[in-house]
Protein chains: 2
Amino acid sequence: MRNPCFLPLLILSLSVSGQTPAQEDLLPYVKPIIGTQRMGHTYPGASAPFGAVQLSPDTDTIPYEQNGKYNPDVYKYCAGYQYDDKTIVGFSHTHFSGTGHSDLGDFLLMPTVGELKLNPGTAAQSHSGFRSAFSHATETAEADYYKVKLEDYNIWAELTATTRVGFHQYTFPASDQAHIILDLVSGIYNYDDKNVWTYVRVVNDTLVTGYRQTSGWARTRTVYFAMTFSRPFNGYGSRKYDRRTAYHGFWGHFDERHNFPDLAGRQLRMHFDFKTQEGEKVKVKFALSSVSTDGALLNLRTEAPGWDFDAVRRQGQDAWRKELNKVRIDASVADKQSFYTSIYHAFINPTVYMDVDGGYRGLDQLNHTANGFVNYTTFSLWDTHRALHPLFNILQPARNADMIRSMLAHYEQSAEHMLPIWSNSANENWCMSGYHSVAVIADAIVKGNTPFDANKALDACIATSSRRSFEGLGSYIDNGYIPAEEDGTSVFTTLEYAYDDWCIAQAAKKLGRMDVYAAYSKRAENYKNVWDPSVGYMRPRLKDGSFRKDFDVLSTNGQGFIEGNAWNYSLYVPHDPPALIALSGGNKRFVQHLDSLFTMDLPDKFFAETEDITRDGIIGNYVHGNEPSHHVAYLYDWTDQPWKTQERVRMILRKQYGPAPDGLGGNDDCGQMSAWYIFTALGFYPVAPGSDQYWLGSPAVNSAALQLENGKTFTIEARDQSDKNVYVKRVTLNGQPLNRRYLTHQEIMDGGKLVFYMSGRH
Amino acid sequence: MRNPCFLPLLILSLSVSGQTPAQEDLLPYVKPIIGTQRMGHTYPGASAPFGAVQLSPDTDTIPYEQNGKYNPDVYKYCAGYQYDDKTIVGFSHTHFSGTGHSDLGDFLLMPTVGELKLNPGTAAQSHSGFRSAFSHATETAEADYYKVKLEDYNIWAELTATTRVGFHQYTFPASDQAHIILDLVSGIYNYDDKNVWTYVRVVNDTLVTGYRQTSGWARTRTVYFAMTFSRPFNGYGSRKYDRRTAYHGFWGHFDERHNFPDLAGRQLRMHFDFKTQEGEKVKVKFALSSVSTDGALLNLRTEAPGWDFDAVRRQGQDAWRKELNKVRIDASVADKQSFYTSIYHAFINPTVYMDVDGGYRGLDQLNHTANGFVNYTTFSLWDTHRALHPLFNILQPARNADMIRSMLAHYEQSAEHMLPIWSNSANENWCMSGYHSVAVIADAIVKGNTPFDANKALDACIATSSRRSFEGLGSYIDNGYIPAEEDGTSVFTTLEYAYDDWCIAQAAKKLGRMDVYAAYSKRAENYKNVWDPSVGYMRPRLKDGSFRKDFDVLSTNGQGFIEGNAWNYSLYVPHDPPALIALSGGNKRFVQHLDSLFTMDLPDKFFAETEDITRDGIIGNYVHGNEPSHHVAYLYDWTDQPWKTQERVRMILRKQYGPAPDGLGGNDDCGQMSAWYIFTALGFYPVAPGSDQYWLGSPAVNSAALQLENGKTFTIEARDQSDKNVYVKRVTLNGQPLNRRYLTHQEIMDGGKLVFYMSGRH
């Protein structure tokens, strides 16, 4: 059951807006709280579009490990916030949105009054530390604005952010002992040793600078900050919680704990002290940089020179309005909330990763300047190559090209001479399989969105796909598949490489490099090498060419797959469904296989042994909560039963998404789940990025207008659409019948009108 | 007994040079091995004058602490090398010269053949690790050149250095398994947690870059490197020795241990593998930077573009010849060895701290550019303000002014708004007491060596001496002394502040700022406030004004002193000996006190309880091994028995210095012990830097010619000087009798001739 917390606003929105007038304010439909309960791993705090700062409350900061053992509870806190929690520990400045592993949570600030506490306390004993109780009744979460009452202290906290600056506004009660705590120990997925070093410098009584250097998911990462207060503090202090402090010379010459301006260590907490009057607002601006404290100061002074919190909030929310206006839909209020929150979640990552002057710390640990482009990070490419970057090619082509430029900069800085796999803060964490940067690049090349050097980009794709020492790639190149002896995910990875190779072939073809096209088209067929015709499944294959005897199509455990089983992965040839259907024994058997996927009951052991999958994200054996299935419901389009695509995608929309805190059936994965929603709600989906085709499903909106960067508008109408009328009887494009099951990218970018005629019967 | 290892060369030198012809090569007199046995804490390896690289063998790398307990054996290894050791662990690139606490030892390289060992082994079981036996018979240590045979491997290792680049030449035997190990774990005064982070990037098969970040004596320090090989390695690998490695994503995608180019962690060792032919030379150039790996590369390519080891050695040794030629003496070979080695040890620190383009990492953790000056670090000011910087004002005035510019840059970057106390690599370690930067600055101002903004420098002195939260300074300002309750070294620190304040007064007077002169002249008398006339000693004084009852003039333990007792410190008023003599009860009683100092026997407990003092550095109760006594032997010059200065200083020269590995009676302390030798051997000494006077002693050379930067020559002649003829009968300056016991700075800088007429009887 969904939490009905949006009901009052729902009614209000209905009464105010009713239909969808052209100038309706779309901002109220964004509900950052969606996905904060259970599995969504989103955060409710403040962020500008694609902002480098994600300023958000953390409801717990439990460690990833304790005493060297994994702490399974930490998974809930990938984004720092869990809706069911009763306390807020503080507000930190960096958060991933929707990831299934995590990092960040830098620079937690917490306002308190009364006796100074420098320990965060625990959820069970909240009064033991500086955390505070809070209630959703006093909580507001909007795009780029968050507000909550910290009940233990009677402090109202408000947050907003520019791209690089978090802006806090704390309304205090009268107190002789008001504090703002800066916790440099705190972080998300913290380990005992995750803090490599922290440094703080109190420049004067309103300015503090420093950095935090961590080794977590990002192996070697430093975030610099500059923090200003709207009024001078009366005093300050610090405590070190280091396991041990090395001998640093004659420190006894100073009392480091009180008003000493030059602090460093591994585990440091600070407090800044005030006397406040009733209702006094103490504001804090907190800027980040990857380059230096001077970079952070430059960002601070450029983006947020003044102290008008409301003006900064307005500016940030207007930026969001501009982004939201790129798609104006007619739909129910609930669907608008789902849709615009999806847009919001799609447009908060990748994140800007450079100072206002273009400076950024590169993968080579050197400072670089992004010349002529905005440099981005947070590339969850195994997820986002599927629908998020294709969505950007329609709605954010300029940003998508800059993201590719950022990937090429990464490539140039990479010691391995590879494009990013999963990169964050100029660090490669190699998460998941494949080299899906090439899919993003090929998709842009094929679709003609190439204000970058496309041939150089293709060279980077070729180099990346030639790195023999990368996961099984040498064997893959030599044998056409990865032998099961070499890699626990040999089948999965072979399939992903094959698809990526097809992407390279498509880009090469578009650029007229036919030798590359020929070579990679051949590699693209490697999926066939792990297909066992005797069972009709993708199956682990040994070095000697035989298929592994021990095989369970439902198991994901040591079976050559990850986040999915053979049943799922036997459908993973997004680049050539007709060939897959032929392999599978033709249309009828393929449809039976697809049907069974959505209707079967999985045994319990599947959940026990499968990483990152829970019942939330599953329909039958269809795993929507993980991405390798995202194209699957659209595969009926290649069969004689495309109406099943229409039926299934509408079912998935309803089952896996909803305008409530628990409204995401799985990790949003940096916007990929949301991008799937957006495409599917609009009625089409990019089954194989790297092609220019979007395959038709069943639109869930009544109408939509896409405002393109080229100035054109692409309009979608779904006549007679309803929860019952999910079947598409016919489609016209610009008044002419569309006698195929896909739309091309050019057709969208040319502007025009797509009309679906819907019906309750297929 | 001194080790007679120089005897063969002694004879050779004598036979070649006999007397001292004008163009005699002075380089062979430099014996970097002096001070490497027992207490000197010097290193025998290669360094350019004031070089940023000190490339030297480490004979052990034992940790400062083990399991949280101090390891007293570590003290021997302040410079990494102990003459009595039988094995060499490797060659690292940074070393302090003569300090009594330590740090550095970055980037240990070791060539080996045979089975790969990545563990250094122990002295007791050297074959358990990569270390090798060596013998002094195959060892050569010259200024900027070191050579040794690594006996376990039959490898000859040669080292030289430019200012910023260490150059290794390893002559291998034929081997299929030749290795060069790069140990990033190793370091001097290492703790378990001292390595904060290390990073290595194998750019190609001859170039490796990276950094080491430590928190030791320098709290927050990063050294970047670029390392090139003269031929490609065949392969490479690494091992991590981290306590634990945080989760860094899907690292299983690569085998990190073999040929993986992108490494990071806390404890990392690497090996580079070769096949070598008999006699094959593999060379390594290793450049350092405080800014970035690009900075290191720039230094490498600028300073050492080629692979001619001998040419680089020649260039480095010619640079030393130029420095040595600044003082040409006539003396015995042994005395020349002591003298020129003292010059050498005086001219290897402070060390250059900037890239060839002027870039350096500042105290504020930001990158700066030194505009119009050379930036220096390694300021052991409690030691070096006494004689080293005054020596520089004569022999290295341009460098000394740049050192002051460097101190002013430090001041501008300092969060505490203070000049350096003991600074290294843009870190302040606050070592020892006082704020003796002001003595260095005042000495330069008073002596007119001010190509910097002298008024700004004086402002920095005033600000530094006004920082009330610094060790007892608030109380000192309020009370005129530091109450014993507040500080364990209350007397010592009060005395040092008083002297420093006098320095500020002298600078202010010179600059015509008479209000400052008046205020600080008053503060300069604060030494009187800790003088207890009832006992005739400096004595800890309580807040209420009374002297502490519990008092032992010989004890240093909790008695308000450090590295000396009340007996010593009661002589510490260098800026006003006449007043001190008056306090002490006049000439006769003062002479008695001085005499007793040199002749008394100290009880054993003195050695047990006193930090950094051993019997090596002591004559009676006179502690030459520690600096607060360095002016003491000259104090007879203010009495009616100046011949005792002459007698004592000659005795100290003979007892505390000698041309052998154990030839330093105490830590050289970044050149202060050596500077004392140089001044004293020349016949005068700066008793109170900040005055323009050098007080006369007894020259130990027959003659000396000082080549000044202004083009003039100052000549000293000591007629009939010998070990017996230590007494000065009369002195003439430019032929005129010098009817005072001091010389002025201007008299030296004007050029001219000082003649001492020596005798065996006073």
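The values are calculated or read from the model by the stated rules, or taken from the named source; none is laboratory data. The shown structure was predicted, so the numbers you read here are calculated from the model rather than taken from an experiment. Cβ atoms come from the backbone with ideal geometry, glycine included; neighbour counts cover every protein chain shown. Remember, those area values only see protein heavy atoms, side chains included, never the ligands or the DNA or RNA. Shrake-Rupley method; radii C 1.70, N 1.55, O 1.52, S 1.80 Å.
Legend: mean number of C-beta atoms from other chains within 10 angstrom of residue C-beta atoms, peptide A:423-430, equals 3.
Convex hull volume per residue, computed on the Cα atoms of segment B:268-311, equals 109 Å³. The GluC sites (Glu not before Pro) of segment A:656-762 that DSSP puts in a loop, and whose beta carbon has at most 15 other beta carbons within 10 Å, are A:Glu709. For segment A:661-762, DSSP calls about 70 percent of its internal beta bridges antiparallel. Inter-part distance, segment A:149-224 to segment A:702-756, computed on C-alpha centroids, equals 47 Å.
A 1.4 Å probe run over segment A:569-716, with the rest of the protein chains in place, finds 27 Å² accessible per residue. Contact residues in segment A:253-267 (at least 30 Å² less accessible area with all protein chains than alone, 1.4 Å probe): A:His253, A:Phe254, A:Pro261, A:Asp262, A:Arg266. Return a whole-number percent for the relative contact order of chain B, with Cα pairs under 8 Å and 6 or more residues apart as the contact set. Reported as a whole number, the value is 12 percent.
From the square roots a ≥ b ≥ c of the eigenvalues of the alpha-carbon gyration tensor of segment A:170-306, which class results: rounded (a/c under 1.5), prolate (a/b over b/c), or oblate? Because a/c hits 1.5 or more and a/b fails to exceed b/c, segment A:170-306 counts as oblate.
With the gyration tensor restricted to C-alpha atoms of segment B:116-178, the semi-axes of the equivalent ellipsoid amount to 22, 14, 13 Å, longest first. For segment B:562-578, the Karplus equation 6.51 cos²θ - 1.76 cosθ + 1.60, evaluated at θ = phi - 60°, returns couplings of 8, 6, x, 10, 4, 4, 5, 6, 5, 9, 9, 9, x, 8, 8, x, x Hz by residue, with Gly and Pro reported as x. Using only Cα coordinates, the Kirkwood hydrodynamic radius of segment B:381-436 works out to 11.7 Å. DSSP beta bridges fully contained in chain B are about 95 percent antiparallel.
Per-residue Karplus couplings for segment A:67-76, computed as 6.51 cos²θ - 1.76 cosθ + 1.60 with θ equal to phi - 60°, are listed in order as 6, x, 10, 4, 10, x, 5, 5, 4, 4 Hz, Gly and Pro entered as x. Working note: Karplus 6.51/-1.76/1.60 with θ = phi - 60° gives segment A:707-716 the couplings 8, 8, 5, 7, x, 8, 10, 10, 10, 10 Hz, where Gly and Pro are set to x. Across every direction, the projection of the convex hull enclosing the Cα atoms of chain B has a mean area of 31.7 nm². One compactness figure for segment B:319-471 is 1.08, namely its Cα radius of gyration divided by 2.2 N^0.38 Å.
Sorting the Cα pairs of segment A:620-670 by distance into bins of 10 Å, from 0 upward, gives 24, 51, 22, 3 percent per bin. In this label model, A:Trp307 and B:Gln277 are separated by 7.6 nm, measuring between points 7 Å along each Cα→Cβ vector. Relative to one another, the C-alpha centroids of segment B:651-674 and segment B:279-324 are positioned 30 Å apart. When you restrict to C-alpha pairs under 8 Å that are six or more residues apart and normalise by the size of segment B:33-321, the relative contact order lands at 20 percent.
Which shape class, rounded, prolate or oblate, goes with segment B:641-762 when its Cα gyration tensor gives a ≥ b ≥ c as root eigenvalues, a/c under 1.5 marks rounded, and past that a/b bigger than b/c marks prolate? Because a/c hits 1.5 or more and a/b fails to exceed b/c, segment B:641-762 counts as oblate. Scaling against 2.2 N^0.38 Å puts the C-alpha radius of gyration of segment B:295-348 at 1.50. With N as its number of residues, segment A:678-741 has a Cα radius of gyration that, divided by 2.2 N^0.38 Å, comes to 1.14. Pair-distance distribution of segment B:492-587: all C-alpha pairs, bin width 5 Å, starting at 0; shares per bin in whole percent are 3, 14, 22, 22, 18, 11, 7, 3, 1. Partner shielding of B:188-194 amounts to 3, given as the average count of beta-carbon atoms from other chains within 10 Å of each residue beta-carbon. Would you give the gap between the C-alpha center of segment A:380-429 and the C-alpha center of segment B:557-586, rounded to a whole Å? Using only Cα atoms, the two centres lie 70 Å from each other. On the protein assembly as shown, 49 percent of the accessible area sits on carbon and sulfur atoms, based on a 1.4 Å probe.
Helix A:514-523 and the longest principal axis of the C-alpha atoms of chain A enclose an angle of approximately 90°.
Kindly work out what percent of the DSSP beta bridges joining two residues of the protein assembly as shown are antiparallel, to the nearest 5. The answer is about 95 percent antiparallel. Axis angle, to the nearest 10 degrees, between helix A:309-324 and the longest C-alpha principal axis of chain A: 0 degrees. When Rg and the Kirkwood Rh are both derived from Cα coordinates, the Rg/Rh ratio for the protein assembly as shown amounts to 1.05. Here each label is just a point 7 Å from Cα along the line to Cβ, and for B:Asn234 and A:Thr206 those points are 6.7 nm apart. Surface exposure of segment A:33-321, expressed per residue as accessible area with a 1.4 Å probe, stands at 29 Å². Across peptide B:216-224, the average count of Cβ atoms from other chains found within 10 Å of a residue's Cβ is 4. For chain B, the longest principal axis of the alpha carbon atoms and the long axis of helix B:454-464 meet at an angle near 90°. Probe radius 1.4 Å, ligands and nucleic acids left out: can you give me the accessible area buried at the B-A interface, summed over both chains, in Å² to the nearest hundred? Its buried surface, counting both partners, is about 5300 Å². Taking 37 °C and 0.692 mPa s as conditions, segment A:33-321 diffuses translationally at an estimated 175 µm²/s according to Stokes-Einstein applied to its Kirkwood radius (Cα pairs).
The alpha-carbon of A:Lys149 sits under 13 angstrom from the alpha-carbons of these aspartates and glutamates, leaving out residues fewer than 8 places away in its chain: A:Glu139, A:Glu158.
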